[in-house]
Amino acid sequence: METTNKTSRQKKIRELIETNEISGQQELLGMLEKEGIVAAQATLSRDFAEMGVVRHRTADGGYRLAVPEEPQVDIIKGLVGMEVLSVASNETSIIIRTLPGRAHGVGSFLDRLTNDDILGTIAGDDTVLVIPATIKKISSIKSYIQRTLSQP
């Protein structure tokens, strides 16, 4: 069994919840393990919080996990795009400058994108560090971010 990155794990969680009637975390952990994904219960709890996973009562009195519909991505993208002042890079990193106090929201938005070239982000007050999966794709990741955050 291998560990997976957050994006891949959350994709699989969404897929399993949408295609199966799963009553709780333990059941989902077992299903993930059968798929070759090992995750701690605490990790799954964090994934649930980030994804908005909830437990609904079913008609027969049991429970079922559910993932809310994806939010209006274009609206969110436009709002996040207005918070970005610049996107710059060097040989190893991508730095996004934001309005004061907005870096966390921009970083969180980027973390939720399904781009396997982005390992994750670290956000301060007005700066986001984007960590690439490989430095060989810095230029394409920077372009992807700029396209994603540009106003329509």
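A few remarks follow.
- Residue pairs whose Cβ atoms lie under 7 Å apart, sitting 6 or more positions apart in sequence or on different chains, and linking a residue in the range 87-116 that is among the charged types (D, E, K, R) to a partner that is surrounded by 14 or more Cβ atoms within 10 Å (Cβ to Cβ) and at pLDDT below 90, are 102/83; 116/7.
- Filter pass, residue 7 being in contact (Cβ under 8 Å) with a residue 60 or more places away in the chain and not in a loop (DSSP other than H, G, I, E, B): yes
- Residue ID - surrounded by the fewest Cβ atoms within 10 Å (Cβ to Cβ), chosen from residues in the range 119-152 that are of a type in the set (Val, Ile, Thr) and without any contact (Cβ under 8 Å) to a residue 40 or more places away in the chain: 134
- Helices (runs of 4 or more DSSP H) enclosed by the range 15-114 - at least 2 residues per element that are modelled with pLDDT of 90 or more, over 30 Å from residue 143 (Cα atoms) and not acidic (Asp, Glu): 25-34
The values are calculated or read from the model by the stated rules, or taken from the named source; none is laboratory data. Since the model is a prediction, treat every value here as computed from it, not as a measurement. Note that each Cβ is placed from the backbone with ideal geometry, even for glycine, and that neighbours are counted across all protein chains shown.
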